[in-house]
Amino acid sequence: MTREDIISFLISTNETLEAAIVISTASVLLYNLTRNIRDRVNRSSSILLGTVMIGYLADSFISLNTDVSVLEGWFRVQWLGLAFLPAAMFHLSDALLANTGLVSRGKRRRVTRILYAVAAGFTLAAWFTDWLVVEVVDEPIFHMTGGPLFWLYALYFVLAFAGSMFNVVRAWKRCLTTYTRRRMSYLMAAFWTPAFGMFPYSLLLSSLLGNDLGSLPEGWLWLVFNVANLLVLGMIAFMAYPLAYYGAYKPERIVRAEFLEFMLRGPATGVVIIFLLQYFEPFTEVLGIPVGDFTPFVIVGMVLFMHWMITLAQPTLERWLVYTSDQAQARRLKEISDRLMTRADSNQLLEAILAALLDQLRVPTAFIASIHPGGEARLERVVGGLPNKDEMETPIALSKALELNQPVVEKEGEFFHWENFWIKPLHVSSALLDGEEEDVQLDGESPLLGILGFWSENGEPELNADERAILNTLTRRAALVLRDNQIQAQMLAGLEALLATNMAISRPGQTVSPYGQLSVVTNGTAATWRPTDSVIHDEEFVELVKEALRDYWGGPKLSESQLLKLNVVGTAAQDDEGNRVRALRRILNDAIESLRPPEEHQNLTTTEWLLYNILEMRFLQGRKVREVAQKLAMSQSDFYRKQRVAIEEVARIIAESEQAFIDETGEETPQEEPSL
């Protein structure tokens, strides 16, 4: 390999590394912007990353041009990053020091503002004058010579860098615990990276060496640049890791897992593609395919390959780097999270079970309803509709028929019977809980989870052996889904208090440092925190009440309503064994009953009685709109107008009860954050 080949290889490698630095820096910058940008460390580190990205981006364009006038323009544009880099470094160091509890009393903030003002002056001088840089020369590489005031920039660079390192060292000394000092050590070791990375392009080297720069061997010069870029590429990721904990009010394992996935799917994939595009041209010559025609296939193929490899490798990497030996509980929680089913997941599964049942038994309609503790029934899924009934009223009719005070009729053989539906109870025996393949017990002491019903007009269904086996299998699967739903509901109910506590702790507005200190002063005043506003302040509160009333007799709009978070619901649930759905239903009923006028003034034509009767007949009795409108002698359009007013009254009553609870207990009163 000749000397020219070596130099060409080093130049090509340098261009690739510069592009990789731009990709990595831009990726980390975007990662910062997607998190809590109000955090001062996050904000100042984003500015620093932006200056590095501008410097290397300009240098990448410089390497692609040979026209002197174009090169001079990009060299001057590059000074936007070069001038602001020292100021951004000092800004970040001040934020780090303040985050350890040593908040600036004004001196460091003034210095930061002065440095940014000086940086703006240097930028303008580089853009519009020859005071800092003069002309472009091409020996041994393209660069601009220093102007008469370049020494002033060099002094500014050195002083700002020294002040930054001094602040970081002070911050490191203030970290008392092992893990906070370890993270700050990472930052301190990598903090010089931006300055070192911009050093070969800051003209500090050329100004100090003067004419001796032209006598340096070109190969050695490019080798130095490559080593510098390689170190910068690694140190950017090394510096970004401890910075990822700032502005991220989450457990360390979650921050680490998110950062690992981001770095693998973002910067790592981009860097691999850049290197591939740089060196795959010889392979296209062997295949006889033009480079331009083959490039899109290479990019798409490599993106797919990288994401496939990351998907395969990520569990192992997380086990090594995130869920380590001291994170066994976290690994278990992650496994539970991966296996939990949402309400939508279970609904899809139940619907699939019913669809299979209809296909196999050749019946038009089937449903599954769950039975909750206390005998409360909830219609889960219906495939088809009840004949001779309004399809919209089917859920209400079924749910009401399944209430304990309206039990299904006598048992006939293996099934129960209701209207033209044959009902099969869903139990889960102890054997089934152990995973043994046994049919769901029809009788016995195992709790009733729900019922499965299907349409049959010709008396008790006569099933052959295959149909009976299919029915038992589908029944068992439905019972398992209902059992899992009940277990998950109990688990989530128990976690509600924990989630509320964690939300208060991890709220972005809090000023708790991830390095263990409390920032007790914010803009000269004591920091305060405020719990999440009650749902009564939500603009959609009336709509939430309306949806809950529509599903009064069972449905997701009631069982998954945001109204379940109301304090009055939680208080009422204490009398219902913690069942918030039943408590919400009682609160809705009480609100409607409170609108009932006195009996001695009974006049069905008055507005008060009309509003009450609309609510009572439409929602509590579950009657159809047409039937209620006829009963009250009003048009449907007038009915809907008065129904809206009635629902607003119910919402007002519930909101007043909730506000009274808040005023009495002080739930939403701003509290002063504990100080050191």
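The values are calculated or read from the model by the stated rules, or taken from the named source; none is laboratory data. Since the structure is predicted, the reported quantities are computational estimates derived from the model, not experimental observations. Note that we place each Cβ from the backbone using ideal geometry, even for glycine, and neighbour counts take in every protein chain shown.
What number of residues within the stretch 92-114 are of a type outside the set (Lys, Arg), in contact (Cβ under 8 Å) with a residue 12 or more places away in the chain and in a helix (DSSP H, G or I)?
Number satisfying all stated conditions: 10.
Quick check on Gly81: is it at pLDDT below 90, out of contact with any strand residue (DSSP E or B) (no Cβ under 6 Å at 6 or more places or on another chain), on the phi < 0 side of the Ramachandran plot and in the same structural domain as Ser44 (by TED's automatic domain parsing)?
Against the criterion (at pLDDT below 90, out of contact with any strand residue (DSSP E or B) (no Cβ under 6 Å at 6 or more places or on another chain), on the phi < 0 side of the Ramachandran plot and in the same structural domain as Ser44 (by TED's automatic domain parsing)), Gly81 qualifies.
Rundown of residues vs (1) closer than 11 Å to Asn229 by Cβ; (2) not aliphatic (A, V, I, L, M), yes/no style:
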{"residue": "Ser12", "(1), (2)": "no, yes"}
{"residue": "Leu17", "(1), (2)": "yes, no"}
{"residue": "Val28", "(1), (2)": "no, no"}
{"residue": "Tyr31", "(1), (2)": "no, yes"}
{"residue": "Thr34", "(1), (2)": "no, yes"}
{"residue": "Ser46", "(1), (2)": "no, yes"}
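So which residues in the stretch 173-197 are surrounded by fewer than 20 Cβ atoms within 10 Å (Cβ to Cβ) and among the aromatic types (Phe, Trp, Tyr)?
Tyr179, Tyr186, Trp192, Phe196, listed by residue number.
Out of the residues in the stretch 39-91 meeting the condition of being out of contact with any Gly (no Cβ under 8 Å at 6 or more places or on another chain) and not in a helix (DSSP H, G or I), tell me which one is surrounded by the most Cβ atoms within 10 Å (Cβ to Cβ).
The qualifying residue surrounded by the most Cβ atoms within 10 Å (Cβ to Cβ) is Asn65.
Tell me which residues, restricted to the stretch 128-151, are in contact with a helix residue (DSSP H, G or I) (Cβ under 6 Å, 6 or more places away or on another chain), loosely packed, with under 15 Cβ neighbours inside 10 Å and part of a helix (DSSP H, G or I).
Hits for the stretch 128-151: nothing passes.
Residue by residue, here is whether (1) of a type in the set (Phe, Trp, Tyr); (2) in contact with a Lys or Arg (Cβ under 6 Å, 6 or more places away or on another chain); (3) at pLDDT below 85 holds:
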{"residue": "Val232", "(1), (2), (3)": "no, no, yes"}
{"residue": "Tyr241", "(1), (2), (3)": "yes, no, yes"}
{"residue": "Lys250", "(1), (2), (3)": "no, no, yes"}
{"residue": "Phe262", "(1), (2), (3)": "yes, no, no"}
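Residue by residue, here is whether (1) more than 26 Å from the chain's Cα centre (by Cα); (2) within 20 Å of Phe142 (Cα to Cα); (3) in the same structural domain as Val136 (by TED's automatic domain parsing) holds:
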residue	(1), (2), (3)
Ser8	yes, yes, yes
Thr25	no, no, yes
Arg38	no, no, yes
Leu48	no, no, yes
Leu85	yes, no, yes
Met89	yes, no, yes
Leu102	yes, no, yes
Arg105	yes, no, yes
Arg113	yes, no, yes
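Taking the residues in the stretch 564-597 that are among the charged types (D, E, K, R) and either at positive phi or in contact (Cβ under 8 Å) with a residue 12 or more places away in the chain (or both) as candidates, determine which candidate is surrounded by the most Cβ atoms within 10 Å (Cβ to Cβ).
Of everything passing the filter in the stretch 564-597, Arg585 is surrounded by the most Cβ atoms within 10 Å (Cβ to Cβ).
If you check every pair at least six apart or on different chains, which have Cβ atoms under 6 Å apart with a residue in the stretch 535-563 that is assigned by TED's automatic domain parsing to the domain that holds Ala660 first and a residue that is surrounded by 19 or more Cβ atoms within 10 Å (Cβ to Cβ) and aromatic (Phe, Trp, Tyr) second?
Listed by first residue and then by second, the contacts come to Leu549/Phe619; Tyr552/Phe619.
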